[in-house]
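To keep things clear, I will list the structure first and then write my remarks on it.
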Amino acid sequence: LDSNAHPMPVLISMIGAMSAFYHERTDISDHAGREAAAVRLIAKLPTLAAMSYKYSIGKPIMYPQNSLGFVENFLYMMFATPCEPYNVDPTLAKALETIMILHADHEQNASTSTVRLAGSTNASPFACVSAGVASLWGPAHGGANEAVLTMLDEIGEVKNIPAYLRKTRSGSKRLMGFGHRVYKNFDPRAKVMRSICHEVLKHQKLGNDRIFKIAVELERIALKDDYYIKRKLYPNVDFYSGIVLRAIGIPTQMFTAIFAIARTVGWVSQWLELHNDPEFRIGRPRQLYEGRRPRQVKETPKEK
């Protein structure tokens, strides 16, 4: 593997490799075997994700500690080093745990549908989750909170917010982290994340940080401006979660990997539900041909 590899393809490969490692010990024909596979996936994802990060930055891999909880262990494996003691900050652990709970499952999104469709073939559960992580890796799905930070960095300074918002109104720019395809009003998850976000910023003393000052002012404007209120463009969970992850000190290339850790709980739950269904059968989405659509030809302006 390239030592500069992004953590996500490394994570996808390692989860897929579990199919070979647990090949003879994974029997999904009975409920007990399926439960064991589900537990293994949920338990090992934080370790694999942290390992993929440590590998990408060329640092020693830290193994999990039995004395630590799920989230605390992940933070330890991410930030601890062999030579120095590391104490998990309870405020940051609570914030990360909240993010993971809120991202655990969310209807039949692209990655969940991928896991269920692969699972319907009786494929290895590790292969199914590996496929789900690959689907999640797409920037249109799991990279939304990273896109928020990219937008905030592009704005640059608080004084540039009005000009950027004018561009969003004209359609030349997108307001990342606002609105939601499912929630036509305020994203209920965002209400929880908003309070956690402000708590973490205060705890980390980041009130004067450039990016966070832009985020706070952008949030203030959006919650009071009639243009965004009428269009129901409220800050969503991705707006706040990216800011919180940055405040914790997690690099942006790990955002989607953390999403994968959280969503694995939902994926394996959906996979178990699929296999426990007495009417279980292979998935076969229908494709209806409605005829060729007429080609859209742009008219060139006529010469005067």
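Results, tabulated for the structure shown:
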{"item": "Spherically averaged projected area of the chain from its Cα convex hull (nm²)", "result": "22.4 nm²"}
{"item": "Nearest-20 debye value, the chain charge dipole, Cβ charges on Lys, Arg, Asp, Glu", "result": "1540 debye"}
{"item": "When each of LYS59/LYS205; LYS59/LYS202; LYS173/LYS202; LYS94/LYS202; LYS94/LYS205; LYS167/LYS224 is checked by Cα-Cα distance, pairs over 21 Å", "result": "LYS59/LYS205; LYS59/LYS202; LYS173/LYS202"}
{"item": "Reach of LYS44 by Cα under 19 Å, taken over aspartates and glutamates that are not fewer than 8 positions away in the same chain", "result": "GLU24, ASP27, GLU35, GLU72, GLU97, ASP105"}
{"item": "Helix-only [θ]222 nm of the chain, DSSP H runs n ≥ 4, -39500 (n - 2.57) each, per residue, nearest 500", "result": "-19000 deg cm²/dmol"}
{"item": "Cα-derived Rg to Rh of the stretch 118-204, Kirkwood definition", "result": "1.10"}
{"item": "FRET efficiency estimate (nearest 0.05) - Cβ-Cβ, THR252 to GLU35, R0 41 angstrom", "result": "0.70"}
{"item": "Calculated P(r) tail over 19 Å for the stretch 1-139, as whole % of Cα pairs", "result": "57 percent"}
{"item": "Burial ranking of peptide ranges 165-175, 200-210, 138-148 (average Cβ count within 10 Å, highest at the top)", "result": "138-148, 200-210, 165-175"}
{"item": "Selected from SER19, ALA32, TYR53, residue furthest toward positive end of dipole (the stretch 1-66; charges at beta carbon)", "result": "TYR53"}
{"item": "Where labels lie 7 Å past Cα in the beta-carbon direction, separation of GLN108 and ASP277 in nm", "result": "0.8 nm"}
{"item": "Value in Å of the Kirkwood radius, where the stretch 213-291 supplies the Cα pairs that are averaged", "result": "16.9 Å"}
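FYI, it's all coordinate maths here, none of it is from the lab. Just so we're clear, the structure is a prediction, and the values are computed from it rather than from any experiment. Neighbour counts run over all protein chains shown; Cβ positions are idealised from the backbone, glycine included.
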